[in-house]
Every structure is written in structure tokens, then in C-alpha cells.
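K.L.:
The following block contains the structure, expressed as C-alpha cells.
Only the coordinates and a few stated rules stand behind these numbers; no lab work does. Note that the coordinates shown come from a computational prediction; the quantities given were computed from them, not determined experimentally. For neighbour counting, all protein chains shown are included, and Cβ atoms are generated from backbone atoms with ideal geometry for every residue, glycine included.
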């Protein structure tokens, strides 16, 4: 069986990290599926999805790492072509990835104690975001 849902949220941009663990767990618990996998997919090309320990120190470290990997203060060809100043956000989102698969059993996500599911919005402005949640199993 396959169940497809959506999570809608507003993000702030600028490497905003939003914990979506509760919303995903709620969708899994409501589905008529006991065990399987849940696939998360963010629509758009300036955000990504991953797991992280959602605590202030690591959130700060994570944001600083992205600034070192794909700085927002250098020239990007995308910016020259489109003039929107978010070339860095496309590069960051591509490196992080747009999807994540998480197993679940007995309607509970198989996450570690300190592991949360997060959406990371790299864009240079606030955005309305949609996460597709596809639950597969039996």
C-alpha cells in the first residue's frame, strides 16, 4: 500500500532549519500501514531534507559549514543569468539533496534518540514550502 500526503510550512530562508519530525511521525501513525518506509521529498530547488540533532550548537555549526562549502558572498553564474542572488542556495540544496527515506515499524519512525528530520531552506528569502510524504509498506 502507498499513502501520499503533504506537509505545508513557511520558512524564513537564509539556512532556516525546520524540525518536521513530529509532522512526519503523525502522518505515519495515521496511515493504515504498520511497517515500511516513508519517503520525504521537498519540492523546489533551494531547499533540502536531512537528519540532524536539532539543538542550538549543532544548528549553528551546520549553518557555518554551509557558509564554508558554498559561500553566499561570491559570484555564481546563476545570479548573472537570473539576477535573483540565490545561486548559492541552489548549490547548497543540490549538495544536501531533495529527499530522504526513513524506515518505520509498528507505526514508529526508526530514528536514533537524538535524530530529527529537518527541512533546510537555503533560499535568500522566506518561502512557502511543500514536503511530499509518501508512506509505503504493509
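K.L.:
Sorted from largest down, give the three principal axis spans of the alpha carbons of segment 70-138, whole angstrom values.
P.N.:
50, 22, 19
K.L.:
Take the Cβ-Cβ distance between residue 115 and residue 80 as r, set R0 to 41 Å, and report the resulting FRET efficiency rounded to the nearest 0.05. It would help to have the intermediate numbers written out before the result.
P.N.:
Details: r = 39 Å, r/R0 = 0.96.
After rounding to 0.05, the efficiency reads 0.55.
K.L.:
Identify which of 21, 39, 113 has the largest mean-square fluctuation in a Gaussian network model of the chain, with springs joining Cα atoms closer than 10 Å.
P.N.:
Its mean-square fluctuation being the largest, the pick is 113.
K.L.:
Kindly work out what percent of the DSSP beta bridges joining two residues of the chain are antiparallel, to the nearest 5.
P.N.:
Values: 35 of 35 bridges.
Bridges in the chain are about 100 percent antiparallel.
K.L.:
Taking 22 Å as R0, compute the FRET efficiency from the Cβ-Cβ separation of residue 101 and residue 73 and round it to 0.05.
P.N.:
On the way: r = 34 Å, r/R0 = 1.56.
For residue 101 and residue 73, the calculated efficiency is 0.05.
K.L.:
Oh, and also: Measure nothing fancy, just the Cα-based angle from helix 21-30's long axis to the longest principal axis of the chain, in degrees from 0 to 90, nearest 10.
P.N.:
30 degrees
K.L.:
Using Stokes-Einstein with the Kirkwood hydrodynamic radius over Cα pairs, what translational diffusion coefficient do you get for segment 2-78 at 4 °C and a viscosity of 1.567 mPa s, in µm²/s rounded to a whole number? Don't skip to the end; give the middle numbers.
P.N.:
Values: Rh = 15.1 Å.
Here the translational diffusion coefficient equals 86 µm²/s.
K.L.:
Then there is this: If the convex hull of the alpha-carbon atoms of the chain is projected onto planes in all directions, what is the mean projected area in square nanometres? Intermediate results must be reported in sequence, preceding the final value.
P.N.:
Details: hull surface 33.2 nm².
Averaged projected area of the chain's Cα convex hull equals 8.3 nm².
K.L.:
Mind pulling the angle between the C-alpha long axis of helix 56-69 and the longest principal axis of the chain? Nearest 10 degrees, somewhere in 0 to 90.
P.N.:
The angle comes out at about 50 degrees.
K.L.:
To continue, here is another question. Using a 10 angstrom cutoff on alpha carbons, build the Gaussian network for the chain and name the most mobile of 61, 72, 16.
P.N.:
61
K.L.:
Extending each Cα 7 Å along its Cβ direction at residue 58 and residue 138, get the distance between those two points in nm, one decimal.
P.N.:
Placing both labels 7 Å beyond Cα along the Cβ direction yields 3.4 nm.
K.L.:
Tell me, how many Å apart are the Cα centres for segment 1-65 and for segment 82-138?
P.N.:
First find each Cα centre; the distance between them is then 5 Å.
K.L.:
With axes computed from alpha carbons, what is the tilt in degrees of helix 87-96 against the longest principal axis of the chain, rounded to the nearest 10 within 0 to 90?
P.N.:
Orientation of helix 87-96: about 30 degrees from the principal axis.
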